[in-house]
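Below is one structure, written out as structure tokens; comments come after it.
Values in this text are rule-based calculations from the coordinates and carry no lab data. All values reported here derive from a predicted model rather than from experimental measurement. Reconstructed Cβ throughout: ideal geometry from the backbone, glycine too, with neighbour counts over all protein chains shown.
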Amino acid sequence: MKFVRMLVGICNDRHESTWYQRSGGRLGNPGPARGHNELELAIDIIAMGGGSVVLGETRALDEAFLGRSSVVRPRVLFIPTASMDDEEYVDGFTTAYSSLGAIVDVLRFHSGEASLARSKVDTADLIYVGGGNTKMMLQLWRATGFADYLSNAVQEGKPVGGLSAGAICWFRVGNSDWPQYEGIPGVNTARLPGLDLIPLAACPHTKNEGFRLSEFREMMRTEGGVGIGLDDNCAIHVRGEEFRILASQPNAVAHRIQWVEGALQEESLVPHDAFRPLHEL
């Protein structure tokens, strides 16, 4: 179960238009985006499949994330857009990361902080995106121009990460449960385009939500390319053209999924600290 759902119910997309009118519009032009060939040595992303930060389930992953900064007390920008800036979630994250030595700042889009987005991103040592409704989050980011600004920061080397929605948003496409947030009967998950900073498909919660892995397999049948499923308490760390698999709990693994000439190829990726070439996936 995703952390946000363990705390409170999450509101749906109908709040977005109200917030956008209140926020004052777009963030402005962040400049031209760069292609993958120009960011090969820059991106540094830890994408976590799920788990509870507050209960300490993801502690080893959180420590690895904080280790991406050379600062003794790194400034972590927490972005809880997908949970509608849920304050209980914010408080829990702040307590957990403060206990690990971080200084936590928060960017609350639903409270009209769009004008602060650039300065908060620029002054952060690390950026962590929380879980919740991925589709609503990305729609809001794109409507305000924040998606482009954040993507450029990542391409320039800003270490980022996140859990669930905050994991799949960095990929070319994700398997998302947005149909459940929108109340679509009988539909658990659907394809959702991401920020395309990692040229793979991704799916969170492949162990803790029983429908996830099977529905991700079916999505990949028509999607093409390679997909990475992440159990709760498992993460993929992509650094430039390299990757490694991390875990904070026993038996948490990643799943490589690809269809080749109509046949499913699936492999469990066990945690490994050493980086491997991304093209080997």
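Jot down the per residue volume, in cubic angstrom and as a whole number, of the convex hull over the alpha-carbon atoms of the stretch 194-236.
Details: hull volume 3.0 nm³, N = 43.
Given the Cα convex hull of the stretch 194-236, per-residue volume reads 69 Å³.
For the stretch 189-259, the share of DSSP beta bridges that are antiparallel, to the nearest 5, is 75%. Where both bridge residues fall in the stretch 158-281, DSSP classifies roughly 80% of the beta bridges as antiparallel.
Considering helices alone, the calculated mean residue ellipticity of the chain at 222 nm is -8000 deg cm²/dmol, with DSSP H runs of length four and up weighted by -39500 (n - 2.57) and normalised per residue. Each DSSP beta bridge with both residues in the chain is either parallel or antiparallel, and the antiparallel ones are about 60%.
Put simply, when 144-156, 261-273 are sorted by average Cβ atoms within 10 angstrom per residue, most first, you get 144-156, 261-273.
Take peptides 210-218, 76-84 and line them up by average Cβ neighbours within 10 Å, highest first, as a rough protection proxy. All intermediate terms of the calculation are to be shown ahead of the outcome.
Working: 210-218: 17.2, 76-84: 26.4.
Per-residue mean Cβ counts within 10 Å order the peptides as 76-84, 210-218.
Assign one of three labels to the stretch 47-196, namely rounded, prolate or oblate, based on the Cα gyration tensor with a ≥ b ≥ c the square roots of its eigenvalues; rounded applies when a/c is under 1.5, prolate when it is not and a/b is larger than b/c, and oblate otherwise. It is prolate, given that a/c is not under 1.5 and a/b is the larger ratio.
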